[in-house]
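S.K.: Handing you a structure now.
The values are calculated or read from the model by the stated rules, or taken from the named source; none is laboratory data. The model shown is predicted, which means the values in this text are computed figures rather than measured ones. Cβ coordinates were reconstructed from backbone atoms using ideal geometry, including for glycine residues, and neighbour counts include every protein chain displayed. Heavy atoms of the whole protein, side chains included, go into the accessibility calculation; ligands, DNA and RNA do not. Shrake-Rupley method; radii C 1.70, N 1.55, O 1.52, S 1.80 Å.
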Amino acid sequence: WRNHGTAVMGELRGADNGFGVRGIVPDCAVGGSSAGAQSVSGAILSAVSALAPGDLVLIELHAPGPNATGEGQFGFVCMEFWQDIFDAIQVATAAGVVVCEAAGNGYQDLDDPIYHDLFDRDQRDSGAILIGATAGGSLDPADFSNHGARVDCNGWGYFVTTAAYGDLQGGDDETVWYTSYFSGTSSASPIVTGAAASLQGMVKAAFGVPLNAYLMRHVL
């Protein structure tokens, strides 16, 4: 998902160079761990193996859950619904890595009994920051965004300007493509992740140690 990943990275890491887009944390170091060549849980664990306590992982995926109808993304849920992925996130959390996770664009109430309390933190808690989407810059929830008590934070879910796709600026060279239409919990999640990375940088500069996943989630 070349454009999708580039758009996510643009929100976070867009260079502060006077043109294009400037990311929320343009000086951070970034890398990728693709689920195209390994399982999602494997991709998370591969990322964690390259990171140190206080670093962050952003999970930019969702998948069809038990309410999926095959019509678009209806019924898609966040990745920790599946036990192996939940376990991988727990490993990351235990290693001191802060995991940010898109809630998904499935129009779902994650408190619905069909999910068997898998999103009830009193039953299990991966430690991830689960991120929903608002209707643009308002505080109103986007209709497509999964929601419920498990969702911790929200970011802009409509019309985010970032790199890739080419509807705002196109051409033959994809390295100069930009969009003004990046949307969904996909656009929301880098905003919250950028806030988390910025906060982590401030805490480390002030105190010399990072926030762990649970404290980061609590502060945000």
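S.K.: Can E101 be described as under 23 Å from G201 (Cα atoms), buried (at least 24 other Cβ atoms within 10 Å of the Cβ), in contact with a Phe, Trp or Tyr (Cβ under 8 Å, 6 or more places away or on another chain) and in contact (Cβ under 8 Å) with a residue 60 or more places away in the chain?
M.R.: no
S.K.: Being out of contact with any Cys (no Cβ under 6 Å at 6 or more places or on another chain) and under 16 Å from G5 (Cβ atoms) is the requirement here; does W156 meet it? Walk me through it before giving the result.
M.R.: Values: out of contact with any Cys (no Cβ under 6 Å at 6 or more places or on another chain): yes; under 16 Å from G5 (Cβ atoms): no.
Judged against the criteria, W156 is not a match.
S.K.: For the subset of segment 173-216 comprising residues that are in a strand (DSSP E or B) and of a type in the set (S, T, N, Q), which member is most open to solvent (accessible area, probe 1.4 Å)?
M.R.: It comes out as S180.
S.K.: Taking only segment 7-34 into account, find how many residues are under 18 Å from I59 (Cβ atoms) and surrounded by 18 or more Cβ atoms within 10 Å (Cβ to Cβ). If you could, list the steps in order and put the result at the bottom.
M.R.: So the first thing to find is which residues in segment 7-34 are under 18 Å from I59 (Cβ atoms), and the list is 7-13, 24-25, 28, 30-34.
Next cut, surrounded by 18 or more Cβ atoms within 10 Å (Cβ to Cβ) only: 7-13, 24-25, 33.
Counting residues in segment 7-34 that are under 18 Å from I59 (Cβ atoms) and surrounded by 18 or more Cβ atoms within 10 Å (Cβ to Cβ) gives 10.
S.K.: Restricting to segment 63-86, name every residue that is open to solvent by 70 Å² or more (accessible area, probe 1.4 Å) and touching a residue at least 60 places away in the same chain (Cβ under 8 Å).
M.R.: Residue satisfying the conditions is Q73 alone.
S.K.: Considering segment 104-141 alone, what residues qualify as being within 18 Å of F159 (Cα to Cα), among the aliphatic types (A, V, I, L, M) and crowded, with 24+ Cβ neighbours inside 10 Å?
M.R.: Within segment 104-141, I131, A133 qualify.
S.K.: Out of all the residues in segment 153-164, which are assigned to a loop (DSSP other than H, G, I, E, B) and more than 17 Å from R13 (Cβ to Cβ)? Break it down into steps so the answer makes sense when it comes.
M.R.: In the first step, residues of segment 153-164 are kept if they are assigned to a loop (DSSP other than H, G, I, E, B); the result is 157-159, 164.
Selection gives G157, Y158, F159.
S.K.: Right, here's the next one. Given the conditions (1) without any contact (Cβ under 8 Å) to a residue 12 or more places away in the chain; (2) open to solvent by less than 50 Å² (accessible area, probe 1.4 Å), and given that A37 satisfies all but one, which numbered condition is not satisfied?
M.R.: (2)
S.K.: Moving to a separate point now. Check D122 against each of (1) at pLDDT 95 or above; (2) under 17 Å from the mean Cα position of the chain (by Cα) and name the one condition it does not meet.
M.R.: Tallying (1) at pLDDT 95 or above; (2) under 17 Å from the mean Cα position of the chain (by Cα), D122 fails exactly one: (2).
S.K.: Can I ask one more? Pairs, please: C-beta under 7 Å, at least 6 apart or cross-chain, first residue open to solvent by less than 30 Å² (accessible area, probe 1.4 Å) and in segment 150-166, second basic (K, R) and at pLDDT 95 or above?
M.R.: R150/R121
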